Amino acid sequence: MSFDFSRIQPFMPFMLEGVWVTLQFVSVSLLFGLVLGIVLAIFKISKYRLFRWFADFYTSIFRGTPLILQLLMIYLALPQFGVDISQFQAAFLAFGLNSAAYVSEIIRAGIQAVDKGQREAAEALGIPYRPMMLRIILPQAMRNILPALFNEFINLTKESAIVSVIGVTDLMRRAQITSAETYLYLEPLLFVGLIYYVLVMGLTVIGRLLERRLKRSD
C-alpha cells in the first residue's frame, strides 16, 4: 500500500478553506448556545416550578438524542412546515440548541458554586434579583466556568464534521468532494484529519493558557 498525496495537492487550498466555514458556524453556534444556556441555567435555579420543569425537559431532550438526529430533523422536517432553511442555518441552529443544553448545566453548576454569602449580601442591600444575577452572580460564575465553556467549544469543533451529511462545505465535506474528484479516499481524510487535530490542539493550548491565567488571578 502506498500514499499519493501529490494527486490531492491541487485540492489542498480548497480543503483548507473549510477551516473558516467550520470555525464560523461553530462560533455562531457557541454564542447562540451560550445565550440560551444562560437563560436555561437561570430557569433551572428559579423558584418557579414551571421554569425548572421546562429547562430540565429541554436538557433531557437534547442530551438524550443524537446530535445528527437533531440536525436532520431541523434541516429535513422544518421545510414540511413551510420553513425555508439553508444548510448553514440548520447547522448552527442544531449545534446551538444542542450546545445550550450542555452549557446550561455548566452555568448552573457555576452559579451554584458562587458563595452564598454573595447573594445574601446583595439581598441584604435590597438589590433586585435580575441586577443581582447579571452584575454579581453571573460574572463570578462565568469566570469560574470559562475553561469548561472552552472545552465545549473544542467539542463542538470536533463534532462539526457531521454537518457534511446535509451538504455544508466544511472540512469533512470538502474531503468527500476531493475524494470524488480524485478517486482517493484515505489521503483527503488524513489531510483533513490533520487539520482537525491542529485546530483542536491549538484550541486546547489556548484553553490551558486561559485556565492558568485565571488561576494566577485568584
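The numbers here are math on the coordinates, done by the rules we state, and not lab data. What you see is a predicted model, and the numbers here were worked out from it, not measured in a lab. Counting neighbours? That spans all protein chains shown, and the Cβs are built from the backbone with ideal geometry, glycine included.
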Q: Please give the helix 49-64 orientation as an angle from the longest Cα principal axis of the chain, in degrees from 0 to 90, rounded to the nearest 10.
A: 20
Q | segment 1-103: chymotrypsin sites (Phe, Trp or Tyr not before Pro) falling in loop per DSSP and having at most 14 other Cβ within 10 Å | A | 3, 48
**Q.** residue 46-residue 118 FRET efficiency (beta carbon distance; Förster radius 22 Å; 0.05 resolution)
**A.** 0.75
Q.
Please give me the summed charge of the neighbours of residue 129: other residues whose Cβ is under 12 Å from its Cβ, Lys and Arg +1, Asp and Glu -1.
A. +3
Q) Once a ≥ b ≥ c are taken as the square roots of the eigenvalues of the Cα gyration tensor of segment 163-207, is the result rounded (a/c under 1.5), prolate (a/b larger than b/c) or oblate (a/b not larger than b/c)? A) oblate
Q) Quick one: putting +1 on the C-beta of Lys and Arg, -1 on the C-beta of Asp and Glu, what dipole do you get for segment 14-216 around its Cα centre, in Debye to the nearest 20? A) 980
Q: Please give, to one decimal in nm, the separation of the simple spin-label points placed at residue 68 and residue 216, each 7 Å out from Cα toward the Cβ.
A: 4.3
Q. Between residue 206 and residue 35, how many nm apart are label points set 7 Å from Cα along the C-beta direction?
A. 2.1
Q. Could you give the length gained on full extension between residue 16 and residue 2, defined as 0.36 nm per residue of separation minus the Cα-Cα distance, in nm?
A. 2.7 nm
Q. What residue among 83, 96, 113 has its Cα farthest toward the positive end of the dipole of segment 65-218, where the charges are +1 on Lys, Arg and -1 on Asp, Glu, each on the Cβ?
A. 113
Q. Want the number for residue 144 to residue 56: 0.36 nm per residue separation, take away the alpha-carbon distance, what's left?
A. 29.4 nm
**Q.** Hydrodynamic radius of segment 1-151 per Kirkwood, over alpha carbon pairs, in Å
**A.** 18.0
Q.
Please give me, ordered by residue number, the trypsin sites (Lys or Arg not before Pro) of segment 1-82 that lie in loop per DSSP and have at most 16 other Cβ atoms within 10 Å.
A. 47
